[in-house]
Amino acid sequence: MTWTNFWLRAKTLFRRSQLDRDLKDEMAFHRAMREASNREAGMTPPDAGREAARYFGNATLVREELRRQWTFTSAETWLQDLRYALRTLCKSPAIALVVVLSLALGIGANTAIFSVMNAAMLRMLPVPEPERLMLFSWTARGWPARVMDDLEGASRITNGVGWSYSLPYDAFRYIRAHSQSFDNVVGFAANNDEMNIGMNGRAESAVVQAVSGNFFDGMRVGPILGRSISDRDDAEDAPPVAMVSYQFWRSRMAADPAVSGKTITINGQPVTVVGVLPPEFYGVEPGSPPAVYVTLASFIDAMKRVGDFDVKSPKVWWLGVVGRMKPQVNGAQAQAELNVLFDQAIGIGSKELPRGEDLPKIGMTPLSHGLDSLRRRYSTSLLLLMGMVGLVLLIACANVAGLLLARATARQREIAVRLSLGAARWRIVRQLLTESILLALLGGAAGLLVARWTAAGLMLIFAGARHPVDLPVSVDATVLLFTAAVSLLCGILFGLAPALRATRVNVYPTLKQNADGSRGTRRFLSGRILVSGQVALCLLLVVCAGLLLGTLRRLQNVQLGFDDHRLVSFMVQPGLNGLKGEPLISYYAELQRRLGSIPGVHSVGLSQLGPIGSGSSSTDVVLPGYTEPGKRADFYRHIVDGNYFQALRIPVLLGRAVGERDTESTPLVAAVNQRAVREYFHGDNPIGHTIDLGKTGTTHALATIVGVVGDVKYNQIREDAPPTMYLSYLQRSQSATFMTFLVRAEGNDGNISAAIQREALATNKDVPVINLRTEESVVHQVLLLERLFAVLGTSFSALALLLACVGLYGTIGYIVARRTNEIGIRMALGAGRGAILGMILSETAVIVGAGILVGLPLAWFASLLLKAQLFEMSPHDPATIMLAVAAIVGVTLIAGFLPARRASRVDPMAALRYE
Amino acid sequence: MGTKPDKSGDLLQGTLDLLILKTLVRGSLHGYAIAEHIEQTSEDVLRVEEGALYPALHRLELRGWLAAEWGVSDNNRRAKYYRLTSAGRKQLSAATEHWTRLAGAVARVLGTT
């Protein structure tokens, strides 16, 4: 098609009536000329006219041909189809509404889950050219003890090979100084913890991230207010500065426009805020946005003050390093250079450190999507959820297909007429498909609304997780594309079969008798198959929901080993403010005393980590007399005070618990749990035996076991309690920089909380109370995913059942309507009401039965996918399966009963007359 | 060409196009005049039917070889007049040359027994 061609046609686009007139005139003129020449040749006027008409032939056909040349045929027929589809939908608004609604729910749920997936797994870091960012990571077989004493940050072990992205400080500086393949090499502390923030006289807690001076430069992120942290700020004697995130600035600093230059305290030290970051930047880890950014220099300073560890030591690996590759460099070159630099920095290959299998090998991981902790934690769950909503959507589509099938037979006449007038079959199919796609797109648009609310609700739930997920979920281009694609697919899916069937019409009998022209609808096989399919999918969903519910129930009934009712917990981190030694101990003692004086409080216990959901601490020790030489015993640790066991109502089974009399000046003691006794002491009484905790400096720390306590779940609920040892915090004060308080109290929760805040403030106004909540809610939070699955699984299966019942009701009703004549005859011949009822009910039974037969093996395989989520349940739990089948049979029988009853109540005379 | 145009027969279609283009060398004509001219000049051997003529005319117009405008005919009726464009003239000489070569080739084949 040339430009001239296109242009000429385009000119007539909006002047169609003019085009028609022109064509008509041209043809009429030609005929008139012929008539005139005929008359000149001697014919009589009427003859001349007739001859001209006859000779001209079919003017309309010619005109149509010409018109076809001048219009953009394909595009305009689509528009025509669309207009016709709209008109048809407006004629039956009820059906359209039902379809759009069920599609909106189905597509909306899918879009919601997808948008969460998109935000958590698919979105790129909100920085320019994220694909150039590479995270330096390393792998090693086993613990590389020759070069590493301490490892901070995330690490994984797969098949004996460890992976981590934490490097020593000096390695970062060396690589940064010497690399040629990267535009910037930036560093960030691998652990970003909550720290005590002092603002406007208030003590608060927020997540603080330490970064190198060139971090924001390397990320290519600029501030929206003030200035960025620079290399000058990251020097040893530079005054400490900080940047705040947009969200922190909005919510905790009241979006103060004059924020740059303001001073806040972080862990008691004054820091100047110099800038505010843009709202879309969330750091390098999706879902965990830091609130405050400080320099590495001030972080190193703070660590020295707190006395935790020497972060400048080459054996302490704590810094994440990211490089932005130069555009002209490819991955292989950068990797090669990195290998050399890393080995040089660590000293691998030197005389003191000959090469070996145990030494770490440096690698690069793309950071375009940020750190993947969120993805790892939730990707399986999200995929499972996606599967479930996909099934629900499938059921909704089957429903709509059945509806359209039934409606198509009502339009037989219209289609027969069009076919007889010469319409091509595919043209009608296309037009019917347009209707379906239009419905689907409308459903998709409505679904976007549903998705927004559903996704918001989902994120609210995730925000209450143990590691709270703070992820902005929005409807962006990817999500819109997904919705459009799903809608289109649905439209074709449920529209194609009815469209094809509807056009398979015997034109002649349909036109003649106004009767149903297509064979097979009497039995309506396709409709039944659709409903059976829906029942099968329902069975799948109900079985899965049942399994998830059962898991949740079992988990909620698990014995924790302590009494979590009427228990309030919170954390304080006075060590971060520089408190240590004597003042630290007296702070804890003072706070404990004050809390004890609150009316309603029974006991106050301390532990570094709360019993559930606070993380874990473990070590391996030697048990003289029990561990084999060369082998060590793994123990999980709790550092507690004397009131801990009483406050939590943990039974002391033998001997005594560790407590106040175990101080720095008394011998080191420990209590162990029953599991440790069973596993390591072979059931012997362990009291009096020692635990060799290893060397600290030159002395061996040997703890004497003084008691055995009951097993308590450690940090999580699914696994059994591990071998645990309890040490007195008075004897471990150097690591007691933060402690968790557990308060057993009677009375109003609100009053208790307020009182706790008051007393903590009075004890030390610079140490904020962190995570004040009931222990029950902590346990509740640990089961977040299980609860989510149970709730969603149940809702989805309920929705699916509802849809299937609606479909069943409609189908049976339709079948009854078509067989009304037959029913009348049967009744006239003597069949009773009961027989008719039974006949129709058996229809339902066959459909449901077939569905269940097909669904059982499907459910068998699908529930295997859930295996990892289940707890103390077999994926093929017979009780669940039987209950599911019973539920489906029960509900569907009711749905099928109603039209059956209607059928049995039919007046035979009316039925006989029914055509 | 007394029958309906054979769409697959490029030869027939192309020939009609050629005749139309040649007819319009003299000036602009309406469709009836073009048909009449071809009839008369070919001494009634070639009679163009409307079903072939007008699709050809409109096709040529859409290809830019003809330009059209509405005018008034001798007997005061509204009529559409077609004329050759410069592109049309070029196409005319190319098509004429092609046809002459073709005709000559056919004649040679028929000439040898």
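Residues in the range A:357-377 that are in contact with a Pro (Cβ under 8 Å, 6 or more places away or on another chain) and among the aliphatic types (A, V, I, L, M): A:Leu359, A:Leu367, A:Leu371, A:Leu374. Taking the range B:35-66 as the range and being of a type in the set (A, V, I, L, M, F, W, C) and either at the interface with chain A (Cβ under 10 Å from one of its Cβ atoms) or part of a loop (DSSP other than H, G, I, E, B) (or both) as the test, the residues that pass are B:Ala35, B:Val45, B:Leu46, B:Val48, B:Ala52, B:Leu53, B:Leu57, B:Leu62, B:Trp65. If we scan the range A:5-28, do we find a residue that is facing another protein chain (nearest Cβ under 9 Å) and farther than 24 Å from B:Arg78 by Cα? Yes: the range A:5-28 contains one or more residues that are facing another protein chain (nearest Cβ under 9 Å) and farther than 24 Å from B:Arg78 by Cα. Looking at A:Ala41, A:Ala32, just one residue is within 11 Å of chain B (Cβ to nearest Cβ) and without any contact (Cβ under 8 Å) to a residue 40 or more places away in the chain, and that residue is A:Ala32.
Select from the range A:241-274 the residues that are polar (S, T, N, Q), within 36 Å of the chain's Cα centre (by Cα) and farther than 13 Å from A:Gly198 by Cβ and list them in ascending order. Those that are polar (S, T, N, Q), within 36 Å of the chain's Cα centre (by Cα) and farther than 13 Å from A:Gly198 by Cβ: A:Ser245, A:Gln247, A:Ser251. Just one residue in the set A:Leu385, A:Leu374, A:Leu405, A:Leu359 is open to solvent by less than 20 Å² (accessible area, probe 1.4 Å) and assigned to a loop (DSSP other than H, G, I, E, B); that residue is A:Leu359. Count of the range B:75-91 residues, restricted to those that are more than 19 Å from A:Lys11 (Cα to Cα) and either outside any loop (DSSP other than H, G, I, E, B) or more than 10 Å from chain A (Cβ to nearest Cβ) (or both), is 11. B:Arg26 fulfils the conditions (1) modelled with pLDDT under 90; (2) within 11 Å of another protein chain (Cβ to nearest Cβ) except for a single criterion, (2). In the set A:Arg21, A:Arg9, A:Arg67, only one residue is without any contact (Cβ under 8 Å) to a residue 40 or more places away in the chain and either at positive phi or of a type in the set (D, E, K, R) (or both); that residue is A:Arg21. Those residues that are open to solvent by 40 Å² or more (accessible area, probe 1.4 Å) and touching an Asp or Glu at 6+ places or on another chain (Cβ under 6 Å), I need them from the range A:625-654; list them, please. The answer is A:Arg632, A:Asp634, A:Arg649.
Within the range A:327-363, if we keep just the residues that are more than 18 Å from A:His178 (Cα to Cα) and among the acidic types (Asp, Glu), the residue that is farthest from the chain's Cα centre (by Cα) turns out to be A:Glu352. Taken over the range A:219-236, the criterion of being of a type in the set (D, E, K, R) and free of Cβ contacts under 8 Å to residues at least 60 places away in the same chain is satisfied by A:Arg227, A:Asp231, A:Arg232. Scanning the range A:753-809 for residues that are within 30 Å of A:Gly201 (Cα to Cα) and in contact with a helix residue (DSSP H, G or I) (Cβ under 7 Å, 6 or more places away or on another chain) yields A:Ile756, A:Glu759, A:Ala760, A:Ala762, A:Thr763, A:Asn764, A:Asp766, A:Val767, A:Val769, A:Leu772, A:Thr774. Picking from residues in the range A:44-88 that are closer than 30 Å to A:Leu438 by Cβ, more than 14 Å from chain B (Cβ to nearest Cβ) and hydrophobic (A, V, I, L, M, F, W, C), the one that is least open to solvent (accessible area, probe 1.4 Å) is A:Ala85.
Listed by first and then second residue, the pairs linking a residue in the range A:423-436 that is assigned to a helix (DSSP H, G or I) to a residue that is among the small types (Gly, Ala, Ser), with Cβ atoms under 6 Å apart and 6 or more places separating them unless they lie on different chains, are A:Val429/A:Ala499; A:Leu432/A:Ala499; A:Leu433/A:Gly495; A:Leu433/A:Ala499; A:Thr434/A:Ala85; A:Glu435/A:Ala85; A:Ser436/A:Gly491; A:Ser436/A:Gly495. Scanning the range A:39-72 for residues that are out of contact with any Pro (no Cβ under 9 Å at 6 or more places or on another chain), among the hydrophobic types (A, V, I, L, M, F, W, C) and within 22 Å of A:Lys24 (Cβ to Cβ) turns up A:Ala48, A:Ala52, A:Ala53, A:Phe56, A:Ala59, A:Leu61, A:Trp70, A:Phe72.
The strands (runs of 3 or more DSSP E) found entirely in the range A:148-214 that carry 3 or more residues being aliphatic (A, V, I, L, M) are A:182-189, A:194-199, A:202-211.
The C-beta contact set for the range A:537-559 (first residue more than 24 Å from A:Gly855 (Cβ to Cβ), second residue open to solvent by less than 20 Å² (accessible area, probe 1.4 Å) and among the aromatic types (Phe, Trp, Tyr), distance under 7 angstrom, 6+ apart or interchain) comprises A:Arg554/A:Phe871; A:Leu555/A:Phe871. Exactly one residue out of A:Gln592, A:Gln559, A:Gln573 is at negative phi and open to solvent by 40 Å² or more (accessible area, probe 1.4 Å), and it is A:Gln559.
The values are calculated or read from the model by the stated rules, or taken from the named source; none is laboratory data. Remember, predicted model here, so these are calculated numbers, not experimental data. Ideal geometry is used to build each Cβ from the backbone, glycine not excepted, and the neighbour counts take in all protein chains shown. Each accessible area value is taken on the protein alone, full model and side chains, heavy atoms only, with ligands, DNA and RNA left out. Shrake-Rupley method; radii C 1.70, N 1.55, O 1.52, S 1.80 Å.
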